[in-house]
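Peer 1: The following block contains the structure, expressed as structure tokens.
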Amino acid sequence: MKNNSKNNMIINLGPEKPLNPTGLSISVELEGEKIVKCTPQLGLTHRGLEKAAQDKDFSQYLPLVEKIDYLSAFFYAQAYLSALEGLSGIELPKKAQYIRVLTMELNRISSHLLWFGAFLMTLGTTTPVRLSYKLRDEILNIFEKLTGGRMSHNYYVFGGVKHDIPVEFLAEISTCLSNINKELKTLENMAAKNPIFTSRTMDIGVLNTQNAFEYSITGVNLRASGYNLDFRKEKPYLVYNELEFPTPTAFEGDVYSRYLLRIEEIKISINLVNQCIDWLLANEREKYSLNIDQNDIKPSAGRAVTCTESARGLVMCCLSTDGNNKAKRLKWRTPSFYTVQALGRLVPGHTLEDLNVVISSLDIVISEADR
């Protein structure tokens, strides 16, 4: 902590300050209690996950992909495998596509539920946090039964998925979603009808459309700023073009708008999973994989760029190959990297107590920002 020449106070927060995303260091300049300048600093959790793709063969690198964003493992596996499958010129079986959509949307729900609990914890509440985490735990139980892992799964494989989903297990998923849908209203009432919650979220951390474009913001944070862009509709992949779902938009761009849209996304994802369950029940005998040897993946030489709409926004995988069993070059576009940069525009003018509220509302995961 120090004073600058203007008698403003400069405080360094992090990288291990409670309620800040782990690994994020922030320098805040204060004039009294008001934030004048905010400078986020990345680079404290860099793991070289892009370079690792050049040193491991494609099947060895796949488990590492899920560690980029530990809350959105399925989305990154899909982006990576989609690039490989595109370069290899193969088309996934329809059942494998539906299973991938089902698991990704369950992943989106679990990620948003964790965000909701952490967000309300930032505001000082406890009861809705326990309920939110309890509902998320039900989805993690499903993941554990299906893949063997609660957060890292290695369930997607080149050409499909590792194994089928039993019919009786689909009924368990449906029951779980029905319970979440019922309890979600309780969570909403605890937040939206609380005057303290609304006073600390409305007109706080406003990100308008122009600023969102300048910082390349995507996902909920962009749609809460008035621009409707969802890559599940903009550039459909898998079977999203066969499913019906809206993409709600808000125009205020504040913390409250980002909260509302994430709650709506949970409801939309529940509907998408139910649509997938209906198709899977009607097409039980379809094949779920092309049964390709995972240790002998050699796509054609070339370059592929894939887009996936994760819980935090647009994930892009740019893969270059030369016909061998390792990547020539791999580059990730991760949404949290861009969202962190926007903090310098969002928090000036607010008080220090609003800083963590704004950070939490953006749903930043530092592991995918640093990679």
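The values are calculated or read from the model by the stated rules, or taken from the named source; none is laboratory data. Everything numeric in this text was worked out from a predicted model, so none of it was measured. Heads up, the Cβs are rebuilt from the backbone with ideal geometry, glycines too, and the neighbour counts pull from every protein chain shown.
Peer 1: Would you check which residues across segment 43-60 are in contact with a strand residue (DSSP E or B) (Cβ under 8 Å, 6 or more places away or on another chain) and more than 25 Å from residue 295 (Cβ to Cβ) and list them?
Peer 2: Selection gives 44 alone.
Peer 1: Then there is this: Since residue 141 meets every condition but one in (1) assigned to a helix (DSSP H, G or I); (2) in contact (Cβ under 8 Å) with a residue 40 or more places away in the chain, which condition does it not meet?
Peer 2: (2)
Peer 1: Please verify whether residue 132 is under 24 Å from residue 267 (Cα atoms) and modelled with pLDDT of 95 or more, treating the condition exactly as stated.
Peer 2: So residue 132 fails the test.
Peer 1: Please determine, by comparing only the residues of segment 158-171 that are more than 24 Å from the chain's Cα centre (by Cα) and surrounded by fewer than 17 Cβ atoms within 10 Å (Cβ to Cβ), which one is nearest to residue 298 (Cα to Cα).
Peer 2: Among residues in segment 158-171 that are more than 24 Å from the chain's Cα centre (by Cα) and surrounded by fewer than 17 Cβ atoms within 10 Å (Cβ to Cβ), the one nearest to residue 298 (Cα to Cα) is 163.
Peer 1: Further question: Among the residues that make up segment 99-110, is at least one of them within 17 Å of the chain's Cα centre (by Cα) and more than 30 Å from residue 255 (Cα to Cα)?
Peer 2: yes
Peer 1: What residue, of 123, 114, is among the hydrophobic types (A, V, I, L, M, F, W, C), touching a residue at least 60 places away in the same chain (Cβ under 8 Å) and more than 20 Å from residue 283 (Cβ to Cβ)?
Peer 2: When all the criteria are applied, what remains is 123.
Peer 1: Can I ask one more? Filter segment 311-367 down to the residues that are assigned to a loop (DSSP other than H, G, I, E, B) and of a type in the set (Val, Ile, Thr), then identify the one that is nearest to residue 263 (Cα to Cα).
Peer 2: 364
Peer 1: A further question on this structure: Is it the case that residue 90 is over 18 Å from residue 65 (Cβ atoms), among the hydrophobic types (A, V, I, L, M, F, W, C), touching a residue at least 12 places away in the same chain (Cβ under 8 Å) and in a helix (DSSP H, G or I)?
Peer 2: Answer is no for this residue.
Peer 1: From the list 238, 280, 243, 261, which residue is at pLDDT 95 or above and at positive phi?
Peer 2: 238
Peer 1: Check segment 125-132 and report whether any residue there is more than 16 Å from residue 162 (Cβ to Cβ), more than 15 Å from the chain's Cα centre (by Cα) and in a loop (DSSP other than H, G, I, E, B).
Peer 2: yes
Peer 1: Out of all the residues in segment 181-211, which are basic (Lys, Arg) and within 21 Å of the chain's Cα centre (by Cα)?
Peer 2: Residues satisfying the conditions do not exist here.
Peer 1: Separate question: Of the conditions (1) in a helix (DSSP H, G or I); (2) over 22 Å from residue 318 (Cβ atoms); (3) not polar (S, T, N, Q), residue 40 fails just one. Which one is it?
Peer 2: It is condition (1) that residue 40 fails.
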